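Below is one structure, written out as structure tokens; the observations come after it.
The values are calculated or read from the model by the stated rules, or taken from the named source; none is laboratory data. In this text, all values refer to a predicted model and were calculated from it rather than measured experimentally. Every residue, glycine among them, receives a Cβ derived from its backbone with ideal geometry; neighbour counts consider all protein chains shown.
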Amino acid sequence: MYQYVDAGPAPAASSDAASRVMRRTRRSGTAPELAVRRALHRRGLRYLVDVAAPGTSRRRRVDVLLRGARTALFVDGCFWHSCPEHGQVPKANREWWQVKLHGVVVRDRDTDVQLAGAGWLVVWMWEHEDPGEVADRVVALVATRGGRRAR
């Protein structure tokens, strides 16, 4: 089991611009999520959106859940989930952000373990990945798990 470390209360925003950006950041229904959902739908897959992660002990949400194939798809933003290609730690309040972003990664891995332990296949995509390629990958995985076949 992964041990989550709380970063503590968020420090004050370093600027008004930073504050505006953070306020506008969506938790669900982001452009990459919408794109991959459209691609999955075009391929004949039906799914649930932004639902509680089944079989987890904490409040976790799945971006796209394919129940029949027991597949959970997470669409991760490069900043929040520390993408190895594009993830960056802000310069302002750097120590707090390092703990915070590390905690997000730890939580993600714990969610993987809990879902897999409950018999779910976990699929992750980065926001910069091509939605069509991800949808093709998901369709192939669903076919191997005996879920609803794409048309």
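One table, with the values for the structure above:
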{"quantity": "Any chance W96 is more than 22 Å from H128 (Cα to Cα), crowded, with 16+ Cβ neighbours inside 10 Å and modelled with pLDDT under 90", "calculated": "yes"}
{"quantity": "Residue pairs meeting the criteria (Cβ under 8 Å; at least 6 apart or on separate chains; first among the acidic types (D, E), in the stretch 46-70; second at pLDDT below 95 and surrounded by fewer than 20 Cβ atoms within 10 Å (Cβ to Cβ))", "calculated": "D50/S28; D50/G29; D50/R61; D63/S28; D63/D50"}
{"quantity": "Selected residue (only one of K91, K100 is over 26 Å from V142 (Cβ atoms), outside any loop (DSSP other than H, G, I, E, B) and among the basic types (K, R))", "calculated": "K100"}
{"quantity": "Residue match in the stretch 118-130 (condition: in a helix (DSSP H, G or I) and either of a type in the set (S, T, Y) or out of contact with any Ser or Thr (no Cβ under 8 Å at 6 or more places or on another chain) (or both))", "calculated": "no"}
{"quantity": "Odd one out for D130, checked against (1) surrounded by fewer than 18 Cβ atoms within 10 Å (Cβ to Cβ); (2) under 17 Å from the mean Cα position of the chain (by Cα); (3) under 24 Å from P54 (Cα atoms); (4) free of Cβ contacts under 8 Å to residues at least 40 places away in the same chain", "calculated": "(3)"}
{"quantity": "Every residue from the stretch 70-85 that is over 17 Å from V36 (Cα atoms), small (G, A, S) and touching a strand residue (DSSP E or B) at 6+ places or on another chain (Cβ under 8 Å)", "calculated": "none"}
{"quantity": "Among the residues listed as D112, D50, the single one being within 18 Å of the chain's Cα centre (by Cα) and part of a helix (DSSP H, G or I)", "calculated": "D112"}
{"quantity": "Single condition A116 does not satisfy, out of (1) farther than 25 Å from A52 by Cβ; (2) free of Cβ contacts under 8 Å to residues at least 24 places away in the same chain", "calculated": "(1)"}
{"quantity": "Residue match in the stretch 66-85 (condition: closer than 18 Å to H128 by Cα, surrounded by 15 or more Cβ atoms within 10 Å (Cβ to Cβ) and of a type in the set (V, I, T))", "calculated": "yes"}
{"quantity": "Residues that are in a loop (DSSP other than H, G, I, E, B) and in contact with a Leu (Cβ under 8 Å, 6 or more places away or on another chain), drawn from the stretch 57-78", "calculated": "R67, A69, R70"}
